[in-house]
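Structure record follows, encoded as structure tokens.
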Amino acid sequence: MVLVCLVFADRIWPLPLNEVNPARVVVSEDGTPLWRFADAEGIWRYPVTIEEVSPRYLEALIQYEDRWFWTHPGVNPFSVARAAWQDLRAGRVISGGSTLTMQVARLLDPHPRTFGGKARQLWRALQLEWHLSKRDILTLYLNRAPFGGTLQGIGAASWAYLGKSPAQMSYAEAALLAVLPQAPSRLRPDRWSGRAQAARDKVLDRMVSQGVWSAAQVKESREEPVWLAPRQMPQLAPLFSRMMIGQNAALKVTTTLDASLQRQLEELALNVKSRLPERSSLAIIVVDHTDMKVRGWVGSADISDATRFGHVDMVTAIRSPGSVLKPFVYGLAMDEGLIHPASLLQDVPRRTGDYRPGNFDSGFHGPVSMSEALVRSLNLPAVQVLEAYGPKKFAGVLRNAGLPLTLPQGAEPNLSLILGGAGARLAEITAAYSAFARQGKAGQLRLQPEDPLIERPLMSPGAAWIIRRILANEAQPLPDSALPRVVPLAWKTGTSYGYRDAWSIGINGRYLIGVWTGRPDGTPVAGQFGFASAVPVLNQVNNMLQPRSALEQAKMPEDPRPESVSSGVICWPGGQSLPAGDSNCRRRLSTWLLDNSQPPTLLMPEQEGVKGIRFPVWLNAQGQRVAADCPDAEQKTMIVWPLPLEPWLPVAEKRAARLPARSTTCPPQDENAPPPLVLSGIREGGMIKRVPSQTVVTLPVLASGGQGSRWWFLNGEPLTSHAGLLSLKIDKAGEYQLLVMDDVGQVQAVQFAVQ
């Protein structure tokens, strides 16, 4: 009957083990607390297991508080009898005779210090012993014991008072924290060091008298002073911690962050904050590309600064990536056999429907190699390569590798993708850059140690190796013996339209570094661009991550040249190797080659056919061009520069100079070549001086010849006029580039200055 009543009572009044809103904590990989999330009463805990607590503390706790803990049934009858006698004599509760089990019972179900409350405590203690093991009960005590203020549990106390893990406590520290829960407010070591030391020494004496610790060890421990700085609450990685709590239900969420590095990054962000424009923020992410563990995450410049939208995590925000996607299109195009690092690309004005891309530096540079275009982050060559590769295919490959691009609703991938015409996240961009350090495979970020390493193929190991070397300023081939064993910092910048976002992504020997600056609300910030705003932060982070010793340097990952990569020499304008002395080799360039592939010069769609660069001509004995059916005509292929590059070529390289003269006796058939485009009205290198009384200079400029409409550009910016006669108005002093293009791609340009 008694047993039935006990079972019935246990069902009616179950143990209150589960909290509705428990305290939680996010910690780094080594266990350092980063940020705490208190329960409904403001209490914070750091959950620990028995194995995570120093044996010294367990010895001091059990020997001082409850020597018979492992053997009694939850209640020590001798202690209870002694306490009851003392309470009866005093007429009030002055001693509880509580075991550790009874203390846990009171922590789980608080009650008044009355005889009725004591009976309730005894009942809960018996329930604990009935349902839980001794180890479970001790673990509950380790995580629920009060240590003053809002601290509960030995884990929170050790980190807050001692600044270290509870597994690393000294004898003196173990004795101090063993006694602190008896009177946490009166014995707080950061406020009442004298009281705390006296209580600690009492525990030390007990440990000697019971033969647990040696007298010599206790004597040494008594000499250790009790003086602690005001306790520190964990205040690192707040935005990252908030994200992790939302993704995980555990009371202690262990992450891959490095607490020491995180602290340095947050200090750097606060220092940079004072130099940022008003209302601008900053985001930094650091990833170990050898295992894809996230080691540092700064979501904003200062979480407490509402004027800078400090509560918004810009590591995960979708923003325009500017030019940081360009390395991907060049690597993928190499794998497709479209280009190689020395391929001749055209930095000239383009007109694709209503889309007229320009360069960040508001000018055009004519013939450039792929590697030069990537290093200088030129826009037009990247658009040319993306057009050949295919925007939809490019977006699909990136998505498959873990980098989805967010397009405006209803929009299809187009050529603007490569210049920031779609949104992306700093975290995903940085992860995708791991392909350049992981033999072409893009790894997914690992936020917790138990996360599996997942990677997806993005490009070939050879293409990834070449792109990384170009970004590290190692585009020129070198013998393997001369190549650095550890690749220097490779980096790429990006600036979105209207100076809204400034980016820099870096890859050093071990880490990926992603940096973003801008205003979280998307307001443009004049003068903010990747090289000026984000690169200085990238360099400071890179300096933090450098190995500090020869041993660390020796452990740095190496990046040997893949067998698919070799060196070669190609010729412009054709883009392929030619024998020595070949007249079609107008310029020789050394370059890395992928699978020894030498694709010919990539032309724009409108440049094929008659407007291409490979001309079949028939020559007579005098070297003059003749018709194919003329006597003694000999066929020869001439490779000329693409027509839009004419303004940047020396006179001897222009088509009119390269093509042999026409024969008058047996002239070639009409080649349907358009009349040459001629720009007049401004002399190359001219200096225009304004009249003192006038602020605006008006220059009449004429574009004659050519074919179709005229497309005018001033410093890379398109003008509205399409007529042959342009009235150019300039109101600011400086250097200018005026360029005109016709419908068949002929281009003429002139450089001048205005004073």
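The values are calculated or read from the model by the stated rules, or taken from the named source; none is laboratory data. Computed from a predicted model, the values in this text were never measured in an experiment. Note that we place each Cβ from the backbone using ideal geometry, even for glycine, and neighbour counts take in every protein chain shown. Protein only, heavy atoms only, side chains kept; ligands, DNA and RNA dropped before computing areas. Shrake-Rupley method; radii C 1.70, N 1.55, O 1.52, S 1.80 Å.
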Single condition Arg120 does not satisfy, out of (1) without any contact (Cβ under 8 Å) to a residue 24 or more places away in the chain; (2) more than 29 Å from Asn18 (Cα to Cα); (3) open to solvent by 50 Å² or more (accessible area, probe 1.4 Å): (2)
Test: residue in segment 518-526 that is of a type outside the set (A, V, I, L, M, F, W, C), assigned to a helix (DSSP H, G or I) and without any contact (Cβ under 8 Å) to a residue 40 or more places away in the chain: no
Close pairs (7 angstrom Cβ cut-off, 6 or more residues apart or separate chains): touching a residue at least 12 places away in the same chain (Cβ under 8 Å) in segment 628-645, open to solvent by 100 Å² or more (accessible area, probe 1.4 Å) anywhere: Thr637/Arg614; Ile639/Arg614
Some residue of segment 423-434 being over 18 Å from Arg319 (Cα atoms) and touching a residue at least 40 places away in the same chain (Cβ under 8 Å): yes
Segment 217-228: number of residues that are in a loop (DSSP other than H, G, I, E, B) and either touching a His at 6+ places or on another chain (Cβ under 9 Å) or open to solvent by 50 Å² or more (accessible area, probe 1.4 Å) (or both): 4
Extreme residue, least open to solvent (accessible area, probe 1.4 Å), among residues of segment 352-401 that are assigned to a strand (DSSP E or B), out of contact with any Phe, Trp or Tyr (no Cβ under 9 Å at 6 or more places or on another chain) and modelled with pLDDT under 95: Thr352
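Report the residue count in segment 75-84 for those that are closer than 17 Å to Ile137 by Cβ and either modelled with pLDDT under 80 or exposed (fewer than 11 other Cβ atoms within 10 Å of the Cβ) (or both).
2
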Any chance Ile285 is open to solvent by 10 Å² or more (accessible area, probe 1.4 Å) and among the hydrophobic types (A, V, I, L, M, F, W, C): no
Lone unmet requirement of (1) over 26 Å from Pro404 (Cβ atoms); (2) surrounded by fewer than 17 Cβ atoms within 10 Å (Cβ to Cβ); (3) touching an Asp or Glu at 6+ places or on another chain (Cβ under 8 Å); (4) not hydroxyl-bearing (Ser, Thr, Tyr) for Gln476: (3)
Selection status of Ala431, surrounded by 23 or more Cβ atoms within 10 Å (Cβ to Cβ) and under 14 Å from Leu332 (Cβ atoms): no
Members of segment 646-686 found to be open to solvent by less than 20 Å² (accessible area, probe 1.4 Å) and either within 19 Å of Ser583 (Cα to Cα) or not in a loop (DSSP other than H, G, I, E, B) (or both), listed by number: Leu649, Leu677, Gly686
Considering residues of segment 133-148 that are without any contact (Cβ under 8 Å) to a residue 40 or more places away in the chain and assigned to a loop (DSSP other than H, G, I, E, B) only, the residue nearest to Arg186 (Cα to Cα): Phe147
Residue in segment 551-562 that is out of contact with any His (no Cβ under 6 Å at 6 or more places or on another chain) and more than 20 Å from Arg485 (Cα to Cα) present: no
Subset of segment 240-260 that is among the hydrophobic types (A, V, I, L, M, F, W, C) and open to solvent by 10 Å² or more (accessible area, probe 1.4 Å) - its residue that is nearest to Ser185 (Cα to Cα): Leu251
Single condition Gly211 does not satisfy, out of (1) of a type outside the set (D, E, K, R); (2) in contact (Cβ under 8 Å) with a residue 60 or more places away in the chain; (3) at positive phi: (2)
Test for Tyr161: is it among the hydroxyl-bearing types (Ser, Thr, Tyr), under 21 Å from Pro225 (Cβ atoms), part of a helix (DSSP H, G or I) and in contact (Cβ under 8 Å) with a residue 12 or more places away in the chain: yes
Qualifying residue in segment 339-348 (condition: assigned to a loop (DSSP other than H, G, I, E, B) and open to solvent by 10 Å² or more (accessible area, probe 1.4 Å)): no
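This table checks each residue for (1) out of contact with any Leu (no Cβ under 7 Å at 6 or more places or on another chain); (2) at pLDDT below 90; (3) of a type outside the set (Asp, Glu); (4) open to solvent by 70 Å² or more (accessible area, probe 1.4 Å).
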{"site": "Asp521", "(1), (2), (3), (4)": "yes, no, no, yes"}
{"site": "Gly527", "(1), (2), (3), (4)": "yes, yes, yes, no"}
{"site": "Ala532", "(1), (2), (3), (4)": "yes, yes, yes, no"}
{"site": "Val535", "(1), (2), (3), (4)": "yes, no, yes, no"}
{"site": "Leu538", "(1), (2), (3), (4)": "yes, no, yes, no"}
{"site": "Ala550", "(1), (2), (3), (4)": "yes, yes, yes, yes"}
{"site": "Glu558", "(1), (2), (3), (4)": "yes, no, no, yes"}
{"site": "Val565", "(1), (2), (3), (4)": "no, no, yes, no"}
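Pick from Ser209, Ser193: which is more than 24 Å from Gln103 (Cα to Cα), among the small types (Gly, Ala, Ser), open to solvent by 20 Å² or more (accessible area, probe 1.4 Å) and at pLDDT 90 or above? Reasoning before the result, please.
On the way: Ser193 fails: at pLDDT 90 or above.
Unique residue meeting the criteria: Ser209.
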Single unsatisfied condition, Thr290 versus (1) buried (at least 23 other Cβ atoms within 10 Å of the Cβ); (2) under 30 Å from Arg469 (Cα atoms); (3) within 20 Å of the chain's Cα centre (by Cα); (4) not aliphatic (A, V, I, L, M): (1)
